Structures are given as C-alpha cells and as structure tokens.
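Engineer: I'd like to ask you about the structure that follows.
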Amino acid sequence: MFSPAAERNKRSIHDVLSPALPASGVLLELACGALQHACYIAPYHPNIIWQPTDINPQALAHGAGIDRPGNVLQPVHLDVLAQPWPVAQADIIYSANLLHISPSEVPAALFRGAQRLQVSEVFIYGPFIVDGDPTTESNLRFDESLRARNSDWGIRQLNDVQTTGAYFRYQLAKVTPMPAHNLLLQFTSIAQVAH
C-alpha cells in the first residue's frame with residue numbers, strides 16, 4: 001500500500017495546505033490510500049478531525065491496522081460516484097491524485113457531495129492541463145499511459161474542473177504550483193463567501 005509518491009509530496013502539500021485550514025472542523029479525505037498524508041499532516045491540526053475514505057478495500061484494511069494520530073479516524077468506504085455519501089458532516093474536503101485515475105464523472109460527483117455536506121473549502125491535488133501553458137513532456141507521457149490503461153482516465157483540464165466547481169457553487173480561489181508538475185487547487189463555497 002505504501003506510495004513513494006505520497007511520501008515524496010506529503011511535506012510540500014503540508015506546507016501549502018496547513019496555512020489554509022481552519023482552526024477546527026472535520027476534514028473529509030477522498031481516496032486516502034495508505035494514510036500517508038493524513039498521518040503526516042493531521043498532528044499539526046489537533047482540533048481538526050480527519051476522516052479518511054477510500055473505495056479500495058486494501059486501503060481500508062491497511063488504514064484500520066496502523067497506528068494513527070488521535071484525530072485521524074478509521075477510514076471508511078466511500079465511492080465518490082455513489083451518493084449520498086456515508087458521511088454525516090464535513091467542513092473541508094481534501095483529495096490527492098484522484099481525478100486523473102477515476103471516471104470523468106468524478107469531478108462533478110465530488111462537488112455535488114461537497115455541496116450536499118455544505119463543505120466550505122475543497123482542496124484537490126494532482127496534475128492538470130492548464131490552457132495557455134505548455135504541458136510538460138512527462139505529463140503528456142503520463143496522460144497517454146493513463147488512457148492506455150483506461151480510456152476514461154487521464155489528466156483533467158483545469159478549466160473543466162473550474163467550470164464544474166462553479167456549477168456547484170464552488171469558486172476556484174487559489175492555484176498553487178507544486179513539485180513534479182502538480183497543482184494544489186483551493187475551491188471556496190460561494191455560499192460561504194456570501195455570508
């Protein structure tokens with residue numbers, strides 16, 4: 001279950017994500033994998049309850065069997081496309097490396113779930129294609145390999161994700177370039193902005 005990529009990027013994600021998190025609340029992580037991000041970042045935020053979720057039974061079994069920080073709950077099964085989600089409350093959604101290895105309907109399902117839970121902030125990490133910027137050769141090769149494995153996978157267009165978020169009343173508030181040609185996107189609920 002251990003992910004070398006998650007181990008490499010956990011510190012840089014923490015450096016960007018942590019200052020943007022509220023003092024307290026419930027953070028719902030989608031596609032938590034081996035809990036490497038949760039176990040690294042959560043201790044810095046003792047008043048945030050971190051609820052990991054994944055669709056993969058191996059990830060759930062792994063997460064249930066490891067020592068977790070006190071504010072990281074046992075991971076639960078969650079299929080982003082199966083709604084409503086089995087979660088009663090969340091203030092923040094965080095997801096890393098989900099959109100490019102999931103069906104094209106997942107971005108809409110993610111924001112739909114966020115809207116139903118009245119989540120205030122959505123953070124999405126991963127590779128994106130940005131209009132007007134040359135896509136790196138490594139991302140082009142990665143995109144081709146993803147589509148060869150599953151025709152419904154692939155690196156998403158940032159504009160498409162932004163448009164989908166806006167449809168569900170989430171405004172793209174910040175785009176932070178990250179190592180290895182990734183981005184960390186921060187979406188804010190327009191309903192929250194209005195208050």
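The values are calculated or read from the model by the stated rules, or taken from the named source; none is laboratory data. Keep in mind it's a predicted model, so treat the numbers as computed, not measured. Don't worry about glycine lacking a Cβ; one is built from the backbone with ideal geometry, like all the others, and counts go over all protein chains shown.
Engineer: Within the range 55-66, can you find the residues that are touching a residue at least 24 places away in the same chain (Cβ under 8 Å) and over 15 Å from LEU30 (Cβ atoms)?
Structural biologist: Of everything in the range 55-66, those that are touching a residue at least 24 places away in the same chain (Cβ under 8 Å) and over 15 Å from LEU30 (Cβ atoms) turn out to be GLN58, HIS62, ILE66.
Engineer: Would you please name the residue that is farthest from MET178 (Cα to Cα), looking only at residues in the range 110-135 that are surrounded by fewer than 13 Cβ atoms within 10 Å (Cβ to Cβ) and touching a helix residue (DSSP H, G or I) at 6+ places or on another chain (Cβ under 8 Å)?
Structural biologist: My answer is GLN118.
Engineer: Another question about this same structure. Answer with yes or no whether SER138 is touching a helix residue (DSSP H, G or I) at 6+ places or on another chain (Cβ under 9 Å), closer than 17 Å to LEU17 by Cβ and hydroxyl-bearing (Ser, Thr, Tyr).
Structural biologist: no
Engineer: While we're here: Among (1) modelled with pLDDT of 95 or more; (2) within 14 Å of the chain's Cα centre (by Cα); (3) more than 17 Å from GLY70 (Cβ to Cβ); (4) assigned to a helix (DSSP H, G or I), which single condition is HIS37 missing?
Structural biologist: Result: HIS37 fails condition (3) only.
Engineer: Can I ask one more? I need the full set of residues from the range 156-182 which are crowded, with 19+ Cβ neighbours inside 10 Å and either assigned to a strand (DSSP E or B) or of a type in the set (Asp, Glu) (or both), in order please.
Structural biologist: Those that are crowded, with 19+ Cβ neighbours inside 10 Å and either assigned to a strand (DSSP E or B) or of a type in the set (Asp, Glu) (or both): ARG156, TYR170, ASN182.
Engineer: Scan (1) at positive phi; (2) without any contact (Cβ under 8 Å) to a residue 40 or more places away in the chain; (3) among the polar types (S, T, N, Q) for the single condition GLN83 breaks and write down its number.
Structural biologist: (1)
Engineer: On the basis of being among the basic types (Lys, Arg), assigned to a helix (DSSP H, G or I) and free of Cβ contacts under 8 Å to residues at least 24 places away in the same chain, does ARG112 make the cut?
Structural biologist: no
Engineer: Follow-up question, since we're still on this one. Just give me the residues in the range 86-109 being in contact with a Lys or Arg (Cβ under 9 Å, 6 or more places away or on another chain) and surrounded by fewer than 22 Cβ atoms within 10 Å (Cβ to Cβ), in sequence order.
Structural biologist: Correct list: HIS100, ILE101, SER104.
Listed here are the residues, each with its yes/no results for (1) in a loop (DSSP other than H, G, I, E, B); (2) of a type in the set (A, V, I, L, M); (3) closer than 18 Å to GLN118 by Cβ; (4) in contact with a His (Cβ under 7 Å, 6 or more places away or on another chain).
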{"position": "ALA42", "(1), (2), (3), (4)": "no, yes, no, no"}
{"position": "PRO46", "(1), (2), (3), (4)": "yes, no, no, no"}
{"position": "TRP50", "(1), (2), (3), (4)": "no, no, no, no"}
{"position": "GLN89", "(1), (2), (3), (4)": "yes, no, yes, no"}
